[in-house]
Amino acid sequence: MRISARADYAVRAALQLAASQEDGPVKAEAIAEAQDIPHKFLEGILGDMRRGGLVLSQRGGNGGYRLARPAGSISIADIIRVVDGPLVSVRGVRPPDLSYTGPAESLLPLWIALRANVREILDGVSLADVASADLPAEVSALAHAPDAWTNP
């Protein structure tokens, strides 16, 4: 699985908003600067997040962006889906829409299992979890596995 720059930036922007929930709307420029995200690229991402119902925007001198819901009710998967589409696809096709024949036939359940695991992790972690550095125990265990940080 590959996380795009767009998805990475969107999650980081949402985390910045989660950390600033009590302070009111945050300007895109402030998010871009705090997270080292190109401002113009971020504007497009925030627009997608607004259309996807994850952030609200407010115009004016005291304007900016804020989360549309509490950080605990927005999963990392919600953000990735809004800016990048499905979490797992094969050649741009969702696994249930694929079909294989012959010796490749067992690839389909493999792709489905992969998608199920990705969903389990990304749907199970909220912005609040990441912002508070309190990841679910299952995710922490995976991240602390001896070979998790090495490249094969």
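Residues of the range 103-128 that are at pLDDT 95 or above and touching a strand residue (DSSP E or B) at 6+ places or on another chain (Cβ under 9 Å): L122, D123, G124, V125, S126, L127. Checked against (1) loosely packed, with under 15 Cβ neighbours inside 10 Å; (2) over 15 Å from the mean Cα position of the chain (by Cα); (3) part of a helix (DSSP H, G or I); (4) touching a residue at least 24 places away in the same chain (Cβ under 8 Å), N62 passes all but condition (3). All conditions but one from (1) over 15 Å from A13 (Cα atoms); (2) surrounded by 18 or more Cβ atoms within 10 Å (Cβ to Cβ) apply to D123; the one that does not is (2). For the range 126-152, a residue qualifies if it is surrounded by 15 or more Cβ atoms within 10 Å (Cβ to Cβ) and either on the phi > 0 side of the Ramachandran plot or not polar (S, T, N, Q) (or both), and the qualifying residues are L127, A128, D129, V130, A131, L135, V139. In the set (1) over 30 Å from K27 (Cβ atoms); (2) in contact with a Pro (Cβ under 8 Å, 6 or more places away or on another chain); (3) basic (K, R), R91 fails one condition alone, (2).
Filtering G102, G124, G85 for residues that are in contact (Cβ under 8 Å) with a residue 12 or more places away in the chain and either of a type outside the set (A, V, I, L, M, F, W, C) or touching a Phe, Trp or Tyr at 6+ places or on another chain (Cβ under 6 Å) (or both) leaves a single hit, G124.
The values are calculated or read from the model by the stated rules, or taken from the named source; none is laboratory data. Nothing here was measured: the structure is a model prediction, and the numbers come from that model. Every residue, glycine as well, gets a Cβ built from its backbone with ideal geometry; the counts of neighbours run over all protein chains shown.
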